[in-house]
Amino acid sequence: MPGERARPDKHAAITRAASEMFLAEGFDRASLDQIAQRAGVSKQTIYSHFADKEALFRAICAELTEKLTIPLRRPALETGDLRGVLLRLGEDTLAMMTNPASLDLHRLVLNAAARFPDLGRAAFEAGGNRMIDDLATLLTQRSQVGDGLASAVEDGRARILAEQFVGMLRGFHQTRALLGVEAMPPREARAYVASCVDLLLRGA
């Protein structure tokens with residue numbers, strides 16, 4: 001069906017339906033027939049966009065990772081002092097980690113990791129590792145002009161600090177959210193982020 005194949009709205013409908021089905025049913029239980037029905041397209045149309053169910057699944061995971069981590073990819077472009085940038089980044093990161101869609105993706109990738117070991121690595125590279133790289137670059141650049149840090153920080157040290165910062169932010173917040181435990185109130189969460197930022201700046 002050449003006409004269907006060329007239409008971007010069909011592609012969007014397929015990926016939207018596939019996201020919903022994979023998140024609801026997981027890789028094994030979600031079928032291309034179900035996805036096609038939900039998207040309002042033929043199964044052949046899905047094959048015109050994706051080689052098979054695995055290729056569609058990988059595309060969905062990559063798309064969700066990209067969408068969820070977009071707010072975290074701008075620290076180097078942020079204006080203001082380093083502490084202010086880190087506060088905004090910290091709050092955005094904590095919100096992303098406990099976002100229902102992010103938790104669904106986390107479960108989806110973990111459940112699929114045994115079948116697709118490279119999928120977990122790809123998700124980490126596109127999400128967490130990319131964020132750590134950006135944050136490490138920011139810390140190195142700002143330290144060289146004396147912004148928020150007592151002395152210049154080398155690249156290797158900056159990466160360690162970035163990873164420690166993300167780890168502090170995650171704390172048990174993501175675990176609580178995954179287990180359905182009541183989240184920390186917003187005001188306390190902001191105070192928690194501020195304490196993480198201050199620990200980072202003092203420890204650097």
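The values are calculated or read from the model by the stated rules, or taken from the named source; none is laboratory data. As the structure is a computational prediction, the values presented were derived from the model and not from experiment. With ideal geometry, Cβ positions are generated from the backbone for all residues, glycine too; neighbour counts draw on all protein chains shown.
Below is a table of values for the structure above.
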quantity	calculated
Selection status of Leu161, part of a helix (DSSP H, G or I), surrounded by 14 or more Cβ atoms within 10 Å (Cβ to Cβ), outside the structural domain of Ala24 (by TED's automatic domain parsing) and at pLDDT 85 or above	yes
Residue identified as at pLDDT 90 or above, surrounded by 12 or more Cβ atoms within 10 Å (Cβ to Cβ) and out of contact with any Cys (no Cβ under 7 Å at 6 or more places or on another chain) among Met131, Met184, Met168	Met184
Candidates Asp147, Asp118, Asp155, Asp104 - the one that is without any contact (Cβ under 8 Å) to a residue 24 or more places away in the chain, in contact with a helix residue (DSSP H, G or I) (Cβ under 7 Å, 6 or more places away or on another chain) and not assigned by TED's automatic domain parsing to the domain that holds Ser19	Asp155
Enumerated helices (runs of 4 or more DSSP H) restricted to segment 1-43, each holding at least 3 residues that are at pLDDT 90 or above, surrounded by 13 or more Cβ atoms within 10 Å (Cβ to Cβ) and over 25 Å from the mean Cα position of the chain (by Cα)	32-39
Meets criteria (within 13 Å of Leu94 (Cα to Cα) and within 21 Å of the chain's Cα centre (by Cα)) for Arg176	yes
Candidates Ala51, Ala59, filtered to the one that is at pLDDT 85 or above and in a loop (DSSP other than H, G, I, E, B)	Ala51
